[in-house]
Amino acid sequence: MDIVFVQGLKIDTVIGIYDWERRIRQEIVLDIEMSSNITAAASSDHIDQALNYKNVCKRISSFVRESEFQLVETLAEEICQIILKEFGVHWVKLKLNKGEAITGAEGVGVIIERSRE
C-alpha cells in the first residue's frame, strides 16, 4: 500500500465544549495519511491518475471552517468519512491537534484510523 500524506494543514473553526470556545475560532492542525496505489500516476505522470491532495485539502478545509462541533472526536470522524467516501481511498489515518488547549501542553487531540468496509 502506498500512502499519500498531508502534514500540518491549519484550519480555523469553532470547536469546544465551553461557552468561551463557542464564541471564538480556534486553529486546528491536521496530519492526514491516505492509502493510494500510485502506480498508475507514476507511470502516466498525470494528475488524473493520482489522489489529488490539493482537492482533499480544499474539501476538508471548507468543511472544517463551516463546522461547529463540540468534540474533536466528532470532527475527526467526520473528516475521515469525507475522505473515505468522496476520494475513494480505502484507509485513512488522521491526527487532529487542537493546539495549546491545555496549559503546559504543546498540543492535544486525537489520532484515528478508519477504513472502508
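Just so it is clear, none of the values below were taken in a lab; they were calculated from the coordinates. What you are looking at is a predicted structure, and each value in this text was computed from that prediction instead of being measured. Glycine gets a Cβ as well: all are built from the backbone with ideal geometry, and neighbour counts include every protein chain shown.
Counting only Cβ charges, +1 for Lys and Arg and -1 for Asp and Glu, the dipole size of the range 3-115 around its Cα centre is about 160 debye.
Applying a DSSP loop filter and a limit of 13 other Cβ atoms within 10 Å to the GluC sites (Glu not before Pro) in the range 19-88 leaves GLU68. Partner lysines whose Cα lies under 18 Å from the Cα of LYS98, excluding those fewer than 8 positions away in the same chain, are identified as LYS10.
Counting only alpha carbon atoms, the long axis of helix 53-66 and the longest principal axis of the chain meet at about 20°. Here LYS58 is the anchor, and the aspartates and glutamates within straight C-alpha reach of less than 17 Å, apart from those fewer than 8 places off in the same chain, are ASP12, GLU27, ASP31, GLU33, ASP48, GLU66, GLU78, GLU86.
In this simple spin-label approximation, ILE102 and ASP2 carry label points 7 Å from Cα along the Cα→Cβ vector, and these lie 3.8 nm apart. Quick one: angle between helix 72-86 and the longest Cα principal axis of the chain, in degrees between 0 and 90, rounded to 10, please. Tilt of helix 72-86: around 20 degrees. Seen from LEU96, the other residues with C-beta closer than 14 Å to its C-beta sum to a net charge of -3, counting Lys and Arg as +1 and Asp and Glu as -1. Kindly provide log₁₀ I(q)/I(0) values, in the same order as q = 0.14, 0.19 Å⁻¹, from the Debye equation applied to equal alpha-carbon scatterers of the chain. For the requested q values the scattering log ratios are -0.59, -0.97. For the range 1-58, chymotrypsin sites (Phe, Trp or Tyr not before Pro) meeting the loop criterion (DSSP other than H, G, I, E, B) and having at most 10 other Cβ atoms within 10 Å: TYR18.
At an R0 of 22 angstrom, the distance between the Cβ atoms of GLN81 and ALA42 translates into a FRET efficiency of 0.20.
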